[in-house]
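Engineer: Would you mind keeping the following structure in view while I ask a few things?
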Amino acid sequence: MNLLGKALPPLATLLPFEAAARLGSFSRAAEELHITQAAVSRQIRGLEENLGLKLFSRRNRSVFLTPEGIELARVVGSALGAIGNTAEAMRGRLQTHQVVLLCQLCEGFYWLMPRLSRFHLRHPQIEIQVVTTTQPLSRFDGHFDVALQSTGRDSGSHQLMFTASDQVFPVCSPDYLAIAPGSLTIDELQQHVLLHHRSSIPHLMEWSSWLRRFEASLAESTRGQFFDNYPMVLQAAVQGHGIALGWRRTADRLIDNGALFRPSVESVSLPKALSVYSRPEEPPRQQVQALLEWLEQEFNEEDSALRPELARPANDASLAR
């Protein structure tokens, strides 16, 4: 007699339940699992009927775990996590020389790729597979060993290893403005076309929040163009469409080769702009540890080589990209 099969609740209900319990939302669980909110509600209702008790209380369009729900969420989360970790370990046994690095599209293109050859020279036996995403780490459902993303974005249960600073300042093409670098004042910036990054997941710093650091606000009369990803914003600036906010780690190379310049001297400093995560692996593989150490060294050396600049610190605890 299959006693285990009789004791287990419907297995199809466990993933929606775990996601809803972890995220505290049926709609966010639906987004993560790429199903409808109605499907999540139906699966959880089936699980509650199977167990004969309520796992969530529903109040004011929000859901909260009941004491029984908290108990089951702990057990299900631990069990699914253990299954996932074991499966990933099995997949990687024959490819221990490979390390998957997940990063945001812009950092991958403008910051990582020009430097990656230095890692290969130091560790020729390690193969780095670069995967990019525009989604936060918690919504990425593929495999990775190390992840780099903006601080403040949802990282799920992944382990934070270290953070890195960045600076944010206006940039534009010499073809757009034929002026000396640093000539524009804060007020004069708003007389030009400003290039904006708008997405469903808020950017860490946009024009409105950047201007507030200098006790200014975005005027309604200011002309603007809007893009749904940051690489498009930078490319629009390179092509002379207006003034963008440049992030030092991704814009410096374009400034150095003359594609962009800084029309204003003002800059906002973000001490913890980028975060590097690893999977909850105990202990990390030697190859993973080598990549983590190299990334941290690259960030630190880049900071040490910077020229002193006028920068206004930002309270990064309130920001999220």
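The values are calculated or read from the model by the stated rules, or taken from the named source; none is laboratory data. In this text, all values refer to a predicted model and were calculated from it rather than measured experimentally. All Cβ positions, even for glycine, are placed from backbone atoms using ideal geometry, and neighbour counts span all protein chains on display. Remember, those area values only see protein heavy atoms, side chains included, never the ligands or the DNA or RNA. Shrake-Rupley method; radii C 1.70, N 1.55, O 1.52, S 1.80 Å.
Engineer: Taking the range 225-251, which residues are open to solvent by 20 Å² or more (accessible area, probe 1.4 Å), part of a helix (DSSP H, G or I) and free of Cβ contacts under 8 Å to residues at least 40 places away in the same chain?
Structural biologist: MET232, GLN235
Engineer: Condition (residue is at pLDDT 90 or above, part of a strand (DSSP E or B) and surrounded by 14 or more Cβ atoms within 10 Å (Cβ to Cβ)) applied to the range 199-218: is it met by at least one residue?
Structural biologist: no
Engineer: Further, regarding this structure: Looking at the structure I just gave you, is LEU105 touching a strand residue (DSSP E or B) at 6+ places or on another chain (Cβ under 8 Å) and buried (at least 17 other Cβ atoms within 10 Å of the Cβ)?
Structural biologist: It is false that LEU105 is touching a strand residue (DSSP E or B) at 6+ places or on another chain (Cβ under 8 Å) and buried (at least 17 other Cβ atoms within 10 Å of the Cβ).
Engineer: Scanning for something at pLDDT below 80, of a type in the set (S, T, N, Q) and either open to solvent by 30 Å² or more (accessible area, probe 1.4 Å) or in a helix (DSSP H, G or I) (or both), does the range 73-90 turn up at least one residue?
Structural biologist: There is at least one residue in the range 73-90 that is at pLDDT below 80, of a type in the set (S, T, N, Q) and either open to solvent by 30 Å² or more (accessible area, probe 1.4 Å) or in a helix (DSSP H, G or I) (or both).
Engineer: Okay, next question. Can you report the number of residues in the range 41-72 which are within 31 Å of the chain's Cα centre (by Cα) and in a helix (DSSP H, G or I)?
Structural biologist: Number satisfying all stated conditions: 8.
Engineer: Would you tally the residues in the range 43-56 being over 15 Å from ALA19 (Cα atoms) and either among the hydrophobic types (A, V, I, L, M, F, W, C) or exposed (fewer than 12 other Cβ atoms within 10 Å of the Cβ) (or both)?
Structural biologist: Of the residues in the range 43-56, 3 are over 15 Å from ALA19 (Cα atoms) and either among the hydrophobic types (A, V, I, L, M, F, W, C) or exposed (fewer than 12 other Cβ atoms within 10 Å of the Cβ) (or both).
Engineer: Could we say that THR13 is β-branched (Val, Ile, Thr) and either under 14 Å from SER138 (Cα atoms) or surrounded by 19 or more Cβ atoms within 10 Å (Cβ to Cβ) (or both) here?
Structural biologist: Judged against the criteria, THR13 is a match.
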